[in-house]
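Take a look at the structure set out below.
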Amino acid sequence: MKSGTGRDLLVGIDAGTSVIKAVAFDLTGKQIAVASTPNRYTTRADGAAFQALDQTWADSAQTLRDLGAKVDGLALRTRALAVTGQGDGTWLVGAGNRPATDAWLWLDARAAGTAKRLQRHPGSRARFEATGTGLAACNQSAQIAHMVETMPEVLDRSEVALHCKDWLYLNLTGVRATDPSEASFTYGNFRTRQYDDSVIEALGLTVWRRLLPEIVDGTEVIHPLSPQAAVATGLLAGTPVCLGFVDIVLTALGAGIHTADAASAACSIIGSTGMHMRAVRNAEVRLNAEGTGYVIALPIPGRVAQVQSNMAATLNVDWALSLACELLAEFGTNLSQSDRMKLIDRWLQGGRPGALLYHPYISEAGERGPFVNANARADFIGLTSECRFPDLLRAVVEGLGMATRDCYAAMGGAMPAELRLTGGATRSRALRAVLGAVVGAPVRISAREEAGAAGAAMMAAVALGVYPDMETCIAEWVSPLLESAETPDEHLAQIYTQMFPVYRGARRALEPVWESMVLQSGARRHPDALPSSTSLERRNAG
């Protein structure tokens, strides 16, 4: 690591779906302080999930000011600012860099029917082999194709199509750009990290290619903080700003997806969604026959993350706990978040392993990995009068493990030799034990608290020459924080190995049932449905 120049801090912004965080690190990777603001978005009964661009920028700027209130002299000490955020989705910007409409989030299900149609295009397989990414309603490409059909006037007044972090970068620097990770998995080729005209043609978006911004690799190119952004954030004009890769891979980078000893390791983010990743060389990517998953560039030359993603992970646990807490509240017992975490471990230990089968498809948008089905729904199989709530909760967590194994199986090859976990739910040792046993691999977690912001800051450190390359940065920022491996219980692993084929066979058999149920409900949350006569909106506060 090179010596400092008096500016001894790197600041990372991670604008996630639930929370926007700003984190200060010293140049060796030590976390100094963190500030956070709940993100806010709206959902509707027709499957829409959107948020206001201006509000997202205002919340991010406020979060940086809040960080400044916690760190003495932050503006003078900040050597660089790096930004990442939630992936997929569509953030359209028009004249004067003003929003053309609200942002469509990755949660938005309106483009499900359009995604199905695009999958039938003759060039669909070639598109998949170039991008490495399957089509789903969350993809910006599917969303823009849907807008072409349903709201072309919005595209007519748009000048550039960005993602969340790109929108923040525009407000920070005045530069319209995206990064190689989102550009290549949406419209390009993961091998070249550039746009691919044949991919854009297969998406039916050649006419709209003008909306695609410049691709900027934040490990090589930085831009200065604008005077206007300096006023808004409390930082100094001219401070170098790094456009990070998408938060998925930067979180995995900060959590240890790639270290000197991680040749056969994998990383799963167990958050609201489940992201399951292997770091591989370009030539090692195995694309499945079903055309699902992602291949996302890492900020390391020649390396990518091969990804499968569940729409819902801890959302399933939250649902189960909310039922229990609602019942307890009826009798005057209200549980804090810390109380709930303690109960998770107790109930998991009290539940019978393998007593029930649970498919964790509780998202209204269905599932996207390792299969794409907007109709997919959660279920319990095997209920008897002997079942108690601990059995139900354990089945839910086992379902998360089965979904994790299902995702890694879809990538081809053997199961991971080691599973590195990050995300709030992994604070539960009992939950980690279940996941490790289902996958059949030792589990390691990182002492790193804010892995996504750390990954962005690591990119800035390389861009500024604080470290000569990402490998050297990883050796100091990541490897020392990995905790000891937790070996899975052999008896549990055997139970789950026997259950997994049943789990996968049942979810395949249920597909026509899901379709029939959704058709009959009259409340489908994607475009094939009749829209609801009422607009049911809610605000998410993290």
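The values are calculated or read from the model by the stated rules, or taken from the named source; none is laboratory data. Just so you know, these numbers come straight off a predicted model, no measurement behind them. We place every Cβ from the backbone using ideal geometry, glycine too, and count neighbours over all the protein chains shown. Heavy atoms of the whole protein, side chains included, go into the accessibility calculation; ligands, DNA and RNA do not. Shrake-Rupley method; radii C 1.70, N 1.55, O 1.52, S 1.80 Å.
Residue by residue through the range 406-418, which ³J(HN,Hα) values in whole Hz follow from phi under the Karplus form 6.51 cos²θ - 1.76 cosθ + 1.60 (θ = phi - 60°), with glycine and proline marked x?
4, 5, 5, 4, 5, 7, x, x, 6, 4, x, 6, 8
Size of the dipole of the range 101-164 about the Cα centre, Lys and Arg at +1 and Asp and Glu at -1 on the beta carbon, nothing else charged, in debye to 20?
400 debye
Below 15 Å, Cα to Cα, which aspartates and glutamates can Lys30 reach? Residues fewer than 8 away in the same chain don't count.
Asp8, Glu449, Glu450, Glu476
Return one whole number: the accessible area per residue of the chain in Å², for a 1.4 Å probe. Walk me through the numbers before you get to the answer.
Working: 20640 Å² over 542 residues.
For the chain, the per-residue accessible area is 38 Å².
Tell me, what is the percent relative contact order of the chain, built from C-alpha pairs under 8 Å that lie six or more residues apart? Can you show the working numbers first?
Values: 1233 pairs, mean separation 102.9, N = 542.
It comes to 19 percent, rounded to a whole number.
Place +1 on the Cβ of every Lys and Arg and -1 on the Cβ of every Asp and Glu in the chain, take the dipole about the Cα centre, and give the residue among Ser36, Ser158, Leu327 whose Cα lies farthest towards its positive end.
Projecting each Cα onto the dipole axis, the largest value belongs to Leu327.
Accessible area of Arg77, 1.4 Å probe, to the nearest 10 Å²?
Surface accessible to solvent at Arg77 totals approximately 70 Å².
Kindly sort Ser60, Ser18 by accessible area of their heavy atoms, largest first, with the probe set to 1.4 Å. Walk me through the numbers before you get to the answer.
Values: Ser60 5, Ser18 35 Å².
Descending accessible area places them as Ser18, Ser60.
How many percent of the accessible area of the chain is carbon or sulfur, using a 1.4 Å probe?
52 percent
Just to confirm my numbers, what's the Cα centroid distance between the range 400-472 and the range 26-47 in Å?
Using only Cα atoms to place each centre, the spacing works out to 19 Å.
If the viscosity is 1.567 mPa s and the temperature 4 °C, what Stokes-Einstein diffusion coefficient in µm²/s follows for the range 85-177 when Rh is the Kirkwood radius over Cα pairs? Could the numbers behind the result be given before it?
Working: Rh = 13.8 Å.
The calculation lands on 94 µm²/s.
Run through the range 1-57 and list the trypsin sites (Lys or Arg not before Pro) located in a DSSP loop whose Cβ has at most 14 other Cβ atoms within 10 Å.
Lys2, Lys30
Just to check I understand the Karplus step: with θ = phi - 60° and J = 6.51 cos²θ - 1.76 cosθ + 1.60, what whole-Hz values come out for the range 158-174, glycine and proline as x?
Working through the residues one at a time gives 9, 10, 7, 9, 10, 10, 3, 5, 5, 4, 5, 4, 4, 6, 7, 10, x Hz.
From the protein chains alone at 1.4 Å, what is the descending order of accessible area for Met151, Met470, largest first? Spell out each step's value before the answer.
Values: Met151 35, Met470 10 Å².
Result, largest first: Met151, Met470.
Rounded to the nearest 500, what is the 222 nm mean residue ellipticity of the chain from helices alone, with -39500 (n - 2.57) per DSSP H run of 4+ residues and division by all residues?
On the way: 19 runs with 210 residues, N = 542.
Computed mean residue ellipticity for the chain: -11500 deg cm²/dmol.
Taking H as built 1.01 Å from N, whose amide H comes closer than 5 Å to the amide H of Ala374, not counting residues under 5 places away?
Long-range HN contacts for Ala374: Glu367.
On the principal axes of its Cα set, how long, how wide and how thick is the range 222-356? Give whole Å, largest value first.
Projected onto the principal axes, the Cα atoms of the range 222-356 cover 57, 48, 30 Å.
Around Met277, with a cut-off of 12 angstrom between Cβ atoms, what is the net charge of the other residues, counting Lys and Arg +1 and Asp and Glu -1? Please list the in-between numbers first.
Working: positive: Arg278, Arg303, Arg420; negative: none.
That sum, taken over residues with Cβ under 12 Å, equals +3.
Residues with amide H under 5 Å of Gln194's amide H, sequence separation 5 or more or different chain, H placed in the peptide plane at 1.01 Å from N; which?
Asn189
For the chain, give the share of DSSP beta bridges that are antiparallel, in percent and rounded to the nearest 5; count only bridges with both residues there.
Numbers: 52 of 72 bridges.
Expressed as a percentage, antiparallel bridges in the chain total about 70.
Check Arg303: other-chain or 5+ apart residues with amide H under 5 Å from its amide H, H built from backbone geometry?
The answer is Leu298.
How would Asp102, Asp46 line up by accessible area, probe 1.4 Å, largest first? All intermediate terms of the calculation are to be shown ahead of the outcome.
Numbers: Asp102 65, Asp46 45 Å².
Result of the area sort, largest leading: Asp102, Asp46.
Tabulate in residue order the Karplus-calculated ³J(HN,Hα) for the range 55-61, using 6.51 cos²θ - 1.76 cosθ + 1.60 with θ = phi - 60°, rounded to whole Hz; enter x for Gly and Pro.
Computed from phi, the couplings for the range 55-61 are 5, 5, 5, 4, 5, 5, 4 Hz.
Taking just the alpha-carbon atoms of the range 334-477, what radius of gyration and Dmax come out, in angstrom?
Every Cα atom of the range 334-477 included, Rg and Dmax give 18.6, 64 Å.
Which residues make up the longest stretch of the chain clear of GluC sites (Glu not before Pro) that lie in a DSSP loop with no more than 15 other Cβ atoms within 10 Å, not counting the sites?
Values: sites that count: Glu220, Glu290, Glu386, Glu449, Glu483, Glu537.
The answer is 1-219.
Dipole of the range 419-528, Cα-centred, from +1 at each Lys and Arg C-beta and -1 at each Asp and Glu C-beta, to the nearest 20 debye? Let's see the in-between values first.
On the way: 11 positive and 12 negative charges, 93 e Å.
With Lys and Arg at +1 and Asp and Glu at -1, about 440 debye.
Where nothing but the Cβ of Lys and Arg (+1) and of Asp and Glu (-1) is charged, how large is the charge dipole of the chain around its Cα centre, in debye to the nearest 20? If you can, show how the numbers build up before the last one.
Numbers: 50 positive and 55 negative charges, 31 e Å.
In total the dipole reaches around 140 debye.
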